[in-house]
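The values are calculated or read from the model by the stated rules, or taken from the named source; none is laboratory data. All figures in this text were calculated on a predicted structure; none of them were measured in a lab. Here the Cβ positions follow ideal geometry from the backbone for every residue, glycine too, while neighbour counts run over all protein chains shown. Please note that ligands, DNA and RNA were not included when accessible areas were found on the heavy atoms of the full protein model with its side chains. Shrake-Rupley method; radii C 1.70, N 1.55, O 1.52, S 1.80 Å.
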Amino acid sequence: MTHELPKLAYSYDSLEPFIDAKTMEVHYSKHHKTYVDKLNAALEKHPELQKKKVEELLMDLNKVPEDIKTAVKNHGGGHFNHTFFWQILKKGTKCKAEIEKAIIKKFGSFDEFKKQFSDKATTLFGSGWVWLVLNKKELEILQTSNQDSPISQNKTPLIALDVWEHAYYLKYQNRRAEYIEAFFNVINWDKVNEFFKK
Ligand code: MN
């Protein structure tokens, strides 16, 4: 079995103007695809691992043989993180229901959550991701470097924001803060709530 680029559930232009169609196209069909291809290439050296889900590999990186561990962490992480990211993007949903209650309970208000999340995204040095995760049963905002994934720390992702330059540079260039602000218009809160309830 080889890993495959998952189908995108919407068209490249459906997040306009917040995330532009060209960025979506390049990000999905080039960047994400490259992670999938490189993960598959690494696993060719260890066919016994080819039937494992990428989640299984990432949740137990210590079991991955040393010669491909870095490749699995980077490219397997890239594959998992992007697959997750595409799912939590949609225009026009509202933070409501269980996830809204939990956010207010943890951060005091939605605005305070947005501020803390945005600060972590703005201050992340270099390439990486910012996440809202469940750590045990607690909500937590988390930064990860490169393509490191929260599931390798035994944390459950609820929201992901890709802050690699490839995620925003075509439209926003160096204006990362504008991209972060725009991101809050395309969080699929229905999906986030679904992940939260699981
Ligand atoms: Mn990316």
Problem - Single residue of Ile99, Ile88 found to be more than 23 Å from Ala41 (Cβ to Cβ), β-branched (Val, Ile, Thr), more than 15 Å from the ligand (Cβ to nearest atom) and modelled with pLDDT of 95 or more - result: Ile99
Practice task
Report, by residue number, each residue of the range 87-97 that is more than 16 Å from Thr156 (Cα to Cα) and either among the aromatic types (Phe, Trp, Tyr) or open to solvent by 10 Å² or more (accessible area, probe 1.4 Å) (or both).
Solution key: Lys90, Lys91, Gly92, Thr93, Lys94, Cys95, Lys96, Ala97
Fill in the blank from the handout: Wholly inside the range 5-69, helices (runs of 4 or more DSSP H) that include 3 or more residues that are of a type outside the set (Ser, Thr, Tyr), more than 14 Å from the ligand (Cβ to nearest atom) and open to solvent by less than 30 Å² (accessible area, probe 1.4 Å) are 33-43, 54-59
Exercise for the section: Would you be able to tell me the number of residues in the range 148-198 that are away from the ligand (no atom under 16 Å from the Cβ) and in a helix (DSSP H, G or I)? Expected result: 15
Completion exercise
Subset of the range 141-158, residues without any contact (Cβ under 8 Å) to a residue 24 or more places away in the chain and open to solvent by 50 Å² or more (accessible area, probe 1.4 Å), comes to Gln143, Ser145, Gln153
Problem - Test: residue in the range 111-124 that is outside the structural domain of His31 (by TED's automatic domain parsing), assigned to a loop (DSSP other than H, G, I, E, B) and open to solvent by 20 Å² or more (accessible area, probe 1.4 Å) - result: no
Practice task
For Leu39, work out the one condition from (1) more than 21 Å from the chain's Cα centre (by Cα); (2) farther than 17 Å from Trp189 by Cβ it doesn't fulfil.
Solution key: (1)
